[in-house]
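What follows is one structure encoded as structure tokens, with my remarks underneath.
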Amino acid sequence: QVQLVESGGGLVQAGGSLRLSCTASVSIFRFNVMAWYRQAPGNQRDLVASFSDNGRTSIADSVKGRFTIPRDNAKNTVYLLMSSLKPEDTADYFCYGQINSDGYWGQGTQVTVSS
């Protein structure tokens with residue numbers, strides 16, 4: 001069974017940095033797409049960053065230049081490196097992975113950026 005487990009959320013001051021981790025129960029090479037989404041209270045879940053098995057990486061305009069999505073294949077882990085955080089980055093962050101037509105979500109981790 002495929003599981004994704006996030007960690008690394010917390011409270012940070014504006015301008016600070018955080019590293020979110022998403023560890024998969026299977027090799028991340030199995031995924032066609034891996035991504036980070038976020039959802040603020042009352043808002044829809046939005047794509048933040050993703051990479052696909054064709055090597056393409058996508059970063060949302062709202063976080064471009066501040067967030068990156070590196071991975072450690074040996075640890076089956078995908079990261080979301082966040083810097084220059086803003087209060088509007090406050091949200092629950094979710095890891096997503098897709099294997100063929102099956103999508104998998106992590107349980108989410110909360111990020112709060114104080115002004």
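The values are calculated or read from the model by the stated rules, or taken from the named source; none is laboratory data. The model shown is predicted, which means the values in this text are computed figures rather than measured ones. When we count neighbours, we look across all protein chains shown, and the Cβ atoms used for this are built from the backbone with ideal geometry, even at glycine. Keep in mind that these areas ignore ligands, DNA and RNA; they rest on the heavy atoms of the full protein, side chains included. Shrake-Rupley method; radii C 1.70, N 1.55, O 1.52, S 1.80 Å.
Scanning the stretch 89-108 for residues that are open to solvent by 20 Å² or more (accessible area, probe 1.4 Å), assigned to a strand (DSSP E or B) and of a type outside the set (A, V, I, L, M, F, W, C) yields Asp92, Tyr96, Gln98, Asp102, Gly103, Tyr104. Is it the case that the stretch 36-48 has a residue that's assigned to a loop (DSSP other than H, G, I, E, B), of a type in the set (Phe, Trp, Tyr) and on the phi < 0 side of the Ramachandran plot? No, every residue in the stretch 36-48 fails to be assigned to a loop (DSSP other than H, G, I, E, B), of a type in the set (Phe, Trp, Tyr) and on the phi < 0 side of the Ramachandran plot.
Can you pull out every residue in the stretch 9-36 that is more than 16 Å from Thr77 (Cα to Cα) and open to solvent by less than 80 Å² (accessible area, probe 1.4 Å)? Hits for the stretch 9-36 are Gly10, Val12, Ala14, Gly15, Gly16, Ser17.
Of the residues making up the stretch 13-35, those that are of a type in the set (S, T, N, Q) and either in a loop (DSSP other than H, G, I, E, B) or within 13 Å of the chain's Cα centre (by Cα) (or both) are Ser17, Ser21, Thr23, Ser25, Ser27, Asn32. Within the stretch 44-72, being in contact with a Phe, Trp or Tyr (Cβ under 9 Å, 6 or more places away or on another chain) and open to solvent by 60 Å² or more (accessible area, probe 1.4 Å) holds for Arg45, Asp46, Leu47, Asp53, Thr57, Thr68, Arg71.
Apart from one condition, Gly55 fits all of (1) under 22 Å from Asn100 (Cβ atoms); (2) modelled with pLDDT of 95 or more; (3) of a type in the set (Gly, Ala, Ser); (4) assigned to a loop (DSSP other than H, G, I, E, B); the exception is (2).
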